Amino acid sequence: MDFVSHFRNSAPYINAYRGKTSVIWLRDQVLDKERLTSIISDLTLLNSLGLRLVVLFDADCFAARLSDQEAIDDTRLDTLVAAIGRRRYLVEALFSQGLANSPMHGAKIRVVGGNFVMARPAGVFNGIDLKAQGRVRRIDHLAIREHLDKQHLVLMPPLGYSITGDILYLPPEQLLIDLAKQIGADKVIIVGDNPLSLSDNQKEMGVSALEQLLSLADSSSPAYLELQVAALVSRAGIARCHVIDGTADGSLLAELFTRDGVGTLIARDQYDTFRQARIDDVQGILALLKPLEEQHILVRRDPEKLENEISHFYVNERDGMIIGCAAIYKLSDDQAELACVTVHSDYQKKGRGDALLSAIEKQARTENIKNLFVLTTQTEHWFVERGFRPVSVQDLPETRQKLYNFQRNSKIYMKLIR
């Protein structure tokens, strides 16, 4: 049943990703054969589900990462080309076996590569001729898209070719951005070190928040470069960039096909947001309230009543799902009632309730609300811990006193909004 539940929950993502283009950057630390075998199996599965994949792989075959400001002489270039060739042939060989130990074993997945990237020499930097160090000049995005339309997987080494027939090394973090922009990628996925060790376990954030985090972080941290590149990817206009720990088996699938993922998502759009409710949120709110109504924690609301009151509600939407809600009802010019503070069971004890309350208080301030009341039968301690104090029925505005249900005997709390 766990499998059935997980499969059902992944269905919206399978549908959403079909026909979408992703650029996947395989970092050096996941390119040993054991880890690569697992990742290739997952990429094969993604290809079979209709994702359009461009796979870029590293070629850092030296003790330290090759800087984009280092000169690459003929000897170093020969070493790089040899390492890139070995990795390319290994990747192609692994893709040739299809999905191991499955009905797709031996499935023919067409892996293509070629002279898609024209490059130019990086030139002279600080008086040093960088020689075979290159920069992207042009990407044949039409040819790449043509292969993707045929469900081919495009394999991209960090190399480009000049108009004079020279081979140039392209720093993969730069090629990644140019590639994603020119082919119109929907998302970029960086498969490398564990980003959560640096991002303080934040699983999603905007680019501004990430840049602020990086300004305070240790640049020697293994995941620093990857998160730094993720910020640049987002600034380049790519809607979503995922950074995941490629050493954890199945992390690619877990990141893409579960609501919370396992890595760090940098989203330009509002992946997780608090906003005023809309009429099309009614069913999501009803589903959220139903368990608490059945336990008589909340008063039951029928769909028509909720539709009429939808302008009072605020929701926490996460990737299209309503996972929290709260309502605010004005009782007078400077007094209001807080109601229906609810968080989905999967997200409780994760600060969602506090975030909802913060959003409501912010809205109350814009409406010049001074006193915020709440009536509760079972959650009084939660409100007390957040600055609410007990008051009596007589402290309610007169219009609200007349509606008080003495049979329900709710406790009343009030908070001053400053």
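The values are calculated or read from the model by the stated rules, or taken from the named source; none is laboratory data. The structure presented is a predicted model; accordingly, all values stated were derived computationally and were not measured. Cβ sites come from the backbone with ideal geometry, for glycine too, and all protein chains shown count toward neighbours. Side chains included, ligands, DNA and RNA excluded: accessible areas come from the protein's heavy atoms. Shrake-Rupley method; radii C 1.70, N 1.55, O 1.52, S 1.80 Å.
Inside segment 320-356, residues that are assigned to a strand (DSSP E or B), of a type in the set (S, T, Y) and closer than 30 Å to G261 by Cα make up a count of 1. Taking segment 32-50 as the search range and keeping residues that are at pLDDT 90 or above and not in a helix (DSSP H, G or I), which one is farthest from L175 (Cα to Cα)? Per the stated criteria, the residue is L49. Kindly evaluate I177 against the criterion of being part of a helix (DSSP H, G or I) and crowded, with 18+ Cβ neighbours inside 10 Å. Taking the combined requirement at face value, the residue satisfies it. Residue pairs whose Cβ atoms lie under 9 Å apart, sitting 6 or more positions apart in sequence or on different chains, and linking a residue in segment 354-374 that is among the basic types (K, R) to a partner that is surrounded by fewer than 16 Cβ atoms within 10 Å (Cβ to Cβ) and part of a loop (DSSP other than H, G, I, E, B), are R365/R418; K370/D334; K370/R418.
The set of residues from segment 322-351 being touching a residue at least 24 places away in the same chain (Cβ under 8 Å), farther than 27 Å from P390 by Cβ and either basic (K, R) or touching a helix residue (DSSP H, G or I) at 6+ places or on another chain (Cβ under 7 Å) (or both) comprises I322, I323, H344. When the residues of segment 232-250 are filtered to those that are open to solvent by 30 Å² or more (accessible area, probe 1.4 Å) and in a strand (DSSP E or B), the one that is modelled with the highest pLDDT is D245.
Consider segment 193-222 and keep the residues that are farther than 20 Å from R318 by Cα and in contact with a strand residue (DSSP E or B) (Cβ under 7 Å, 6 or more places away or on another chain). The one that is surrounded by the fewest Cβ atoms within 10 Å (Cβ to Cβ) is N194. Beta carbons closer than 9 Å, at least 6 apart along the sequence or on distinct chains, pair a first residue in segment 70-88 that is within 20 Å of L130 (Cα to Cα) with a second that is loosely packed, with under 15 Cβ neighbours inside 10 Å for E70/I128; A71/F125; A71/I128; A71/D129; R76/F62; T79/F62; L80/F62.
Within the span defined as segment 384-396, every residue fails to be within 30 Å of A11 (Cα to Cα) and either surrounded by fewer than 18 Cβ atoms within 10 Å (Cβ to Cβ) or among the aromatic types (F, W, Y) (or both). Selection within segment 186-199: residues that are part of a loop (DSSP other than H, G, I, E, B) and under 15 Å from the mean Cα position of the chain (by Cα). The member of this set that is modelled with the lowest pLDDT is S199. The number of residues in segment 131-147 that are of a type outside the set (D, E), under 27 Å from S96 (Cα atoms), out of contact with any helix residue (DSSP H, G or I) (no Cβ under 7 Å at 6 or more places or on another chain) and surrounded by fewer than 19 Cβ atoms within 10 Å (Cβ to Cβ) comes to 2. Filtering I167, I139, I128, I144 for residues that are at pLDDT below 95 and among the β-branched types (V, I, T) leaves a single hit, I128. A Cβ distance below 6 Å, combined with a sequence gap of six or more or placement on separate chains, defines the contacts here; from segment 4-16, residues that are within 14 Å of L45 (Cβ to Cβ) reach residues that are outside any helix (DSSP H, G or I) in the pairs I14/L49. Cβ separations smaller than 7 Å between residues 6+ apart or across chains give the following pairs from segment 227-240 residues that are free of Cβ contacts under 8 Å to residues at least 40 places away in the same chain to residues that are open to solvent by 40 Å² or more (accessible area, probe 1.4 Å): A231/E211; S234/R268. Is it true that some residue in segment 234-241 is touching a His at 6+ places or on another chain (Cβ under 9 Å) and under 25 Å from D42 (Cα atoms)? No, every residue in segment 234-241 fails to be touching a His at 6+ places or on another chain (Cβ under 9 Å) and under 25 Å from D42 (Cα atoms). Does A364 count as open to solvent by less than 50 Å² (accessible area, probe 1.4 Å), under 30 Å from L265 (Cβ atoms) and not in a strand (DSSP E or B)? Here the answer is no, as A364 does not meet what is asked. Scanning segment 43-54 for residues that are open to solvent by 20 Å² or more (accessible area, probe 1.4 Å) and not hydroxyl-bearing (S, T, Y), we see that the one that is nearest to E92 (Cα to Cα) is L45. Among the residues here, V315 qualifies as buried (at least 16 other Cβ atoms within 10 Å of the Cβ) and under 30 Å from L265 (Cβ atoms). How many residues are open to solvent by 40 Å² or more (accessible area, probe 1.4 Å), small (G, A, S) and part of a strand (DSSP E or B) when one looks only at segment 251-297? Within segment 251-297, residues that are open to solvent by 40 Å² or more (accessible area, probe 1.4 Å), small (G, A, S) and part of a strand (DSSP E or B) number 0.
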